[in-house]
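Read through the structure below, which is laid out as structure tokens, and then see the notes.
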Amino acid sequence: MSEISAEQVAHLANLARIALTEEEIEHLTAELGQIMQAVEKVSEVATPDVPPTSHPIPMHNVFRDDVVGDNVLSPEQALSGAPESDGSRFVVSAILGEEQ
């Protein structure tokens with residue numbers, strides 16, 4: 001099992017141009033050590049006979065098929081709730097000072 005030292009954490013912080021206090025270095029040394037132990041445990045069980053997976057259970061599509069139906073709105077119905085329209089289109093005010 002490989003361990004990370006406080007000197008290695010300080011060196012990495014220096015390479016990343018991150019100023020760390022001694023307390024932060026101690027804290028990060030412990031945290032990085034735990035992370036490395038977790039990775040080592042996963043590496044122990046990740047053998048060639050275990051296929052890599054992105055999800056522990058099979059995924060399936062939960063959406064319905066996209067089917068065209070008979071529920072088409074007329075232009076009047078579509079524009080009925082619009083704050084502003086010109087009879088056949090939505091009217092949207094210009095933004096950012098753009099003129100039309």
Under a plain spin-label model, where a point goes 7 Å from the Cα along Cα-to-Cβ, how far apart in nm are N61 and V39? 3.8 nm
Using DSSP to define loop residues, name the GluC sites (Glu not before Pro) in the chain whose beta-carbon has at most 15 other beta-carbon atoms within 10 Å. E3, E84, E98, E99
Residue among V68, V39, V50 with the largest mean-square fluctuation in a Gaussian network model of the chain, springs linking Cα atoms under 10 Å: V68
Given H placed 1.01 Å from N in the peptide plane, which residues other than close sequence neighbours of S85 have an amide H under 5 Å from its amide H? V91
Go through (1) 59, 30, 10; (2) 26, 19, 13; (3) 27, 13, 12 and flag the label whose value is the computed semi-axes √(5λ) of the Cα gyration tensor in Å for this structure. (1)
Roughly what angle does helix 6-15 make with the longest principal axis of the chain, taking Cα atoms, 0 to 90 degrees, to the nearest 10? 40 degrees
Could you go through region 67-77 in sequence order and give the Karplus-derived ³J(HN,Hα) for each residue, using 6.51 cos²θ - 1.76 cosθ + 1.60 with θ = phi - 60°, rounded to whole Hz, and x for Gly and Pro? 10, 6, x, 8, 8, 8, 7, 6, x, 5, 5
In degrees rounded to 10, the 0-90 angle between helix 22-45 Cα long axis and the longest Cα principal axis of the chain is 80 degrees
N71/V92 FRET efficiency (R0 22 Å; Cβ-Cβ; nearest 0.05): 0.30
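Taken together, the values in this text are just the output of simple stated rules run on the coordinates, not laboratory data. On a predicted model such as this, the values are computed, not experimentally measured, just so you know. Please note: Cβ atoms are built from the backbone with ideal geometry, for glycine as well, and neighbour counts cover all protein chains shown.
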